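The values are calculated or read from the model by the stated rules, or taken from the named source; none is laboratory data. The structure displayed is predicted, hence computed values, not measured ones. Because the Cβ atoms are built from the backbone with ideal geometry, glycine has one as well, and the counts that use them run over all protein chains shown. Keep in mind that these areas ignore ligands, DNA and RNA; they rest on the heavy atoms of the full protein, side chains included. Shrake-Rupley method; radii C 1.70, N 1.55, O 1.52, S 1.80 Å.
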Amino acid sequence: SDVCSSDLPGWVVGTPGVVTGLAITARLLAAPDDEILTFTPVYPPFLNLPGRAGRRTVRVPLAAAQSAWTIDWDALAKAITPRSKLFWLCHPHNPTGTVFTHDELLRLADVAERHGLTVISDEIWSDLLLDGRRHIPFASLDHPAARRAITLTAPSKTWNLAGLGCAAAIVPDADLRRRWRPAGGGLVPMVNPLEIG
């Protein structure tokens with residue numbers, strides 16, 4: 001069914017940070033020993049959080065070229081196994097600065113749909129594109145994999161507000177939203193009161 005724009009604010013769940021959001025998705029959407037794929041090189045929590053949750057990190061190296069880092073589609077295909085459940089996408093990518101194109105995102109969505117992967121898209125850097133390129137949110141694609149994706153965002157990078165401890169997870173699935181805070185096992189604090197206002 002079509003989604004009404006008035007429903008969208010209800011999809012937002014507060015979390016004290018994007019890293020916390022990633023950790024919660026590992027517990028909510030993958031079982032022990034399941035695999036979480038991510039492009040590398042990448043911000044270190046993408047690599048160590050799965051292990052802390054009893055899940056496995058699968059590194060999919062980006063292809064380095066003189067002008068840009070690009071997706072190695074063959075490496076991605078080889079990395080996926082029946083235990084692969086999540087794809088943690090850093091988009092725009094940290095540390096390479098890669099801004100994935102619409103065609104790349106659609107192809108990644110096709111891969112996710114074909115293999116039953118849920119994409120968790122960390123879009124914390126989306127406001128800091130300095131070369132005229134346009135950020136395309138993964139969840140904005142007209143694709144089934146995008147419609148079930150979870151988007152993580154925060155003002156911490158753009159506005160240097162990491163100390164506030166505030167981020168947002170955009171979670172389309174109502175059941176996942178209900179289970180979000182309990183998945184933190186009582187260890188995830190509420191968002192900072194200064195975020196609310």
field: Separation of alpha-carbon centers, region 100-122 and region 20-93, rounded to whole Å
entry: 12 Å
task: Loop only per DSSP, at most 16 neighbouring Cβ atoms within 10 Å: give me the trypsin sites (Lys or Arg not before Pro) in region 46-142, ordered by residue number.
output: Arg83, Arg133, Arg134
statement: Counting only protein heavy atoms with a 1.4 Å probe and every protein chain in place, the carbon and sulfur fraction of the accessible surface of region 108-148 in whole percent equals 49 percent
message: How much length would be gained if the chain were fully extended between Asp175 and Ala75, taking 0.36 nm per residue of separation minus their Cα-Cα distance, in nm to one decimal?
response: 32.7 nm
- prompt: By per-residue mean of other Cβ atoms within 10 Å, what is the highest-first order of 18-29, 171-182?
  reply: 18-29, 171-182
- request: Report the full-extension gain for the segment Ala65 to His135: residue separation times 0.36 nm, less the Cα-Cα distance, to one decimal in nm.
  value: 23.1 nm
message: Please compute the Kirkwood hydrodynamic radius of region 96-150 from all pairs of different C-alpha atoms, in Å with one decimal.
response: 11.7 Å
